[in-house]
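Asker: Can you read through this structure? Questions will come right after.
The values are calculated or read from the model by the stated rules, or taken from the named source; none is laboratory data. All values reported here derive from a predicted model rather than from experimental measurement. Cβ placement follows ideal geometry from the backbone for every residue including glycine, while neighbour counts extend to all protein chains displayed.
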Amino acid sequence: MNQDPPTLEHDNLGDAVYRLISQALIQGRLKPGDRLKIRDLAEQFGTSVTPVRDAILRLVQEQALTLRSPRDIRVPHMTLERYLEIRAIRVKLEGLAAEQAAHMASHDDISRLEELVRQNQQAVAAADIDLGCDLNQRFHFALVEIANLPFLAGILHRIWLQMGPLIAAVYAKGGQDMIDYHPPVIAAIRKRDGAAAAMAIGDDIISGGAAIKLHLEQQTG
């Protein structure tokens, strides 16, 4: 019996669309409440609607998008309770990455982190929210990469699918606070002090994210 050849091209296209939408979420180019239209995305990406629909359904399963109806697909709003749960998880997991990075970082790795902070400070000063969010995310993921923890990177990817839009929603108010705690992380890594690096990234997530918590409390109230 003749069989059709494997649809590798379609599968790869679906993965590519998934990555593009994921990047938009993680980097905060999509905000809470934003509506996604499958046909518009297909036209934007130059694809049929099928790979876009597949990517959307995958992101719905990962709770990064909400499917209210086939025509109403949105970036969900975060609740305060969910944020506090995610925050506690991030402190533990990103603390592990920072601690490991302190023992593994090369001189070039440290220079890379410093450059990300420098560029982020410029972005905040220029009120470039999109770039600031992107650089903030790249700093956090750089720690995981330096720590050589690829499995953890996959876990944090799913977490940041939900955190990216929320961070972007409040970055204009809390952008400077969100990077003020990055230099202490680098200082601890430079000293090879894993415990201090883990504590510093925890301070960044909790204290640096104070604007996020306030934003959600105001929405709840």
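Asker: Hey, could you check segment 1-41 for residues that are of a type in the set (S, T, N, Q) and within 16 Å of ARG158 (Cα to Cα) and say which is modelled with the highest pLDDT? Can you show your working first?
Answerer: The initial filter retains those residues of segment 1-41 that are of a type in the set (S, T, N, Q), namely 2-3, 7, 12, 22-23, 27.
Those still in the list that are within 16 Å of ARG158 (Cα to Cα) too: 22-23, 27.
Working: SER22: 96, GLN23: 93, GLN27: 88.
Step by step, filter segment 1-41, then rank; the result is SER22.
Asker: For the condition surrounded by 17 or more Cβ atoms within 10 Å (Cβ to Cβ), in a helix (DSSP H, G or I) and basic (Lys, Arg), what is the one hit in ARG39, ARG19, ARG90? First the steps, then the outcome.
Answerer: Working: ARG39 fails: surrounded by 17 or more Cβ atoms within 10 Å (Cβ to Cβ); ARG19 fails: surrounded by 17 or more Cβ atoms within 10 Å (Cβ to Cβ).
Only one candidate passes the filter, namely ARG90.
Asker: Quick check on this structure: which one of ALA153, ALA105 is more than 22 Å from ILE21 (Cβ to Cβ), in the same structural domain as ALA200 (by TED's automatic domain parsing), out of contact with any His (no Cβ under 9 Å at 6 or more places or on another chain) and among the aliphatic types (A, V, I, L, M)?
Answerer: Values: ALA153 fails: more than 22 Å from ILE21 (Cβ to Cβ).
Going through ALA153, ALA105 in turn, the sole match is ALA105.
Asker: Condition test on ASP180, is it surrounded by fewer than 23 Cβ atoms within 10 Å (Cβ to Cβ), more than 30 Å from LEU65 (Cα to Cα) and of a type in the set (Asp, Glu)? Steps first, answer last, please.
Answerer: Values: surrounded by fewer than 23 Cβ atoms within 10 Å (Cβ to Cβ): yes; more than 30 Å from LEU65 (Cα to Cα): yes; of a type in the set (Asp, Glu): yes.
Against the criterion (surrounded by fewer than 23 Cβ atoms within 10 Å (Cβ to Cβ), more than 30 Å from LEU65 (Cα to Cα) and of a type in the set (Asp, Glu)), ASP180 qualifies.
Asker: Sticking with this structure for a sec: Suppose we filter ALA64, ALA55 for residues that are outside the structural domain of ASP177 (by TED's automatic domain parsing) and part of a loop (DSSP other than H, G, I, E, B); which single one remains? Walk me through how you get there before you give the answer.
Answerer: On the way: ALA55 fails: part of a loop (DSSP other than H, G, I, E, B).
When all the criteria are applied, what remains is ALA64.
Asker: Could you grab me the full set of residues in segment 61-75 that are in contact with a strand residue (DSSP E or B) (Cβ under 8 Å, 6 or more places away or on another chain) and either acidic (Asp, Glu) or surrounded by fewer than 19 Cβ atoms within 10 Å (Cβ to Cβ) (or both)?
Answerer: Across segment 61-75, the qualifying residues are THR66, LEU67, ARG68, ASP72, ARG74.
Asker: Which of the residues spanning segment 97-124 are over 15 Å from HIS182 (Cβ atoms) and either touching a strand residue (DSSP E or B) at 6+ places or on another chain (Cβ under 6 Å) or part of a helix (DSSP H, G or I) (or both)?
Answerer: Initial filter on segment 97-124 (over 15 Å from HIS182 (Cβ atoms)): 99-100, 103-104, 106-108.
Of everything in segment 97-124, those that are over 15 Å from HIS182 (Cβ atoms) and either touching a strand residue (DSSP E or B) at 6+ places or on another chain (Cβ under 6 Å) or part of a helix (DSSP H, G or I) (or both) turn out to be GLU99, GLN100, HIS103, MET104, HIS107, ASP108.
Asker: Does PHE151 count as buried (at least 16 other Cβ atoms within 10 Å of the Cβ) and without any contact (Cβ under 8 Å) to a residue 60 or more places away in the chain?
Answerer: Details: buried (at least 16 other Cβ atoms within 10 Å of the Cβ): no; without any contact (Cβ under 8 Å) to a residue 60 or more places away in the chain: yes.
Taking the combined requirement at face value, the residue does not satisfy it.
Asker: Among the numbered criteria (1) surrounded by 13 or more Cβ atoms within 10 Å (Cβ to Cβ); (2) aliphatic (A, V, I, L, M); (3) farther than 22 Å from TYR18 by Cα; (4) without any contact (Cβ under 8 Å) to a residue 40 or more places away in the chain, which single criterion is violated by ILE110?
Answerer: Going through the list (1) surrounded by 13 or more Cβ atoms within 10 Å (Cβ to Cβ); (2) aliphatic (A, V, I, L, M); (3) farther than 22 Å from TYR18 by Cα; (4) without any contact (Cβ under 8 Å) to a residue 40 or more places away in the chain, ILE110 breaks only (4).
Asker: Still on this structure, please answer the following. Restricting to segment 192-221, name every residue that is free of Cβ contacts under 8 Å to residues at least 12 places away in the same chain and part of a loop (DSSP other than H, G, I, E, B).
Answerer: Once the filter is applied, which keeps residues that are free of Cβ contacts under 8 Å to residues at least 12 places away in the same chain and part of a loop (DSSP other than H, G, I, E, B), segment 192-221 yields only GLY221.
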